[in-house]
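Asks: There's a structure below that I have some questions on.
The values are calculated or read from the model by the stated rules, or taken from the named source; none is laboratory data. Predicted model only: the values in this text are computed from it and were never measured. So basically every Cβ, Gly included, is an ideal-geometry build from the backbone, and we count neighbours across all protein chains shown. Note: areas computed on protein heavy atoms with side chains; ligands, DNA, RNA excluded. Shrake-Rupley method; radii C 1.70, N 1.55, O 1.52, S 1.80 Å.
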Amino acid sequence: MIALDVILSPVMRIEGMAPMSSVMNIIAGVLLGPVYGTLMAFVCGLVRMTMLGIPPLALTGAVFGAFFAGVFYRIGKRLICSMIGEIIGTGFIGSLLSYPVMVWFTGSRSELYWLIYTPRFIGATLIGSVIAWIVLVKLQETAIFKRWQRLFFNERMLG
């Protein structure tokens, strides 16, 4: 999943948006849960920052989305719950926390304001959520996906 995120995010990118990170966050939230999903997003962000020169937005955007995608999926046990978690985690929390991180990273406050990243992050999460939903609807029909999900989730949670 880390390799897929690192490869797909720059390839399938819209300027200022990384919808494939949202796709991978939601799939990780559904397949791995909040802890391993967050770890996956963190490692992806570090790899993208060091190898691809992406600013710290790779971390602030993805980590919170992966965590909330996993938590919301655990609570609601439905794909839509994971999608909502990604939108809240990346689209709102991640975008708002990106402002102070980028002020620190660039050393400049000019042309930056608290909501500068919010429209792009929400746009990316909406696009990524739709793609993830399409992929996961098909993946959840496969036996191997169900088996992998059992590795990370308790049997009774799968319904």
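Asks: When the Kirkwood radius is taken over all Cα pairs of segment 52-97, what Stokes-Einstein diffusion coefficient follows at 37 °C and 0.692 mPa s, in µm²/s?
Replies: D = 317 µm²/s.
Asks: Taking the solvent-accessible surface of protein heavy atoms with a 1.4 Å probe, what is the per residue accessible area of segment 88-150 in Å²?
Replies: So segment 88-150 comes to 61 Å² accessible per residue, rounded to a whole number.
Asks: To the nearest 0.05, what FRET efficiency results for MET12 and LEU46 with a Förster distance of 30 Å applied to their C-beta separation?
Replies: Here the calculated transfer efficiency is 0.90.
Asks: Let me ask another. Over the chain, calculate the relative contact order: mean separation of alpha carbon pairs under 8 Å at least 6 apart, over the residue count, as a percent.
Replies: Values: 256 pairs, mean separation 39.5, N = 159.
With pairs under 8 Å counted, the relative contact order is 25 percent.
Asks: Let me ask something additional. Using square roots of five times the C-alpha gyration tensor eigenvalues, list the equivalent-ellipsoid semi-axes of the chain in whole Å, biggest first.
Replies: In descending order the semi-axes read 28, 15, 13 Å.
Asks: Which one, PHE152, VAL47, TRP133, is farthest towards the positive end of the dipole of the chain when Lys and Arg carry +1 and Asp and Glu -1 on their Cβ?
Replies: Among PHE152, VAL47, TRP133, the one farthest towards the positive end of the dipole of the chain is PHE152.
Asks: Now for a different question. How large a share of the accessible area of the chain, in percent, is made up of carbon and sulfur atoms when the probe is 1.4 Å and the other protein chains stay in place?
Replies: 72
Asks: Then there's this: If packing is taken as the average count of other Cβ atoms within 10 Å, what order do 25-31, 138-144 fall into, highest mean first?
Replies: With the highest mean Cβ count within 10 Å placed first, the list reads 25-31, 138-144.
Asks: May I pose another question? Kindly state, to the nearest 0.05, the FRET efficiency for TYR113 paired with VAL35, given R0 = 30 Å and r defined as their beta-carbon distance.
Replies: Values: r = 33 Å, r/R0 = 1.11.
Working from the Cβ atoms, E equals 0.35.
Asks: What is segment 68-151's relative contact order, in percent, from Cα pairs under 8 angstrom and six or more apart in sequence?
Replies: 26
Asks: Taking the Cα centre of the chain as origin, work out the dipole magnitude from +1 charges on Lys and Arg Cβ and -1 charges on Asp and Glu Cβ, in debye rounded to 20.
Replies: Rounded to the nearest 20 debye, it is 420 debye.
Asks: Put PHE64, PHE121 in order of accessible area, largest first, 1.4 Å probe: what do you get?
Replies: Values: PHE64 70, PHE121 20 Å².
The most accessible residue leads, giving PHE64, PHE121.
Asks: Place +1 on the Cβ of every Lys and Arg and -1 on the Cβ of every Asp and Glu in the chain, take the dipole about the Cα centre, and give the residue among GLY91, ALA124, TYR73 whose Cα lies farthest towards its positive end.
Replies: TYR73
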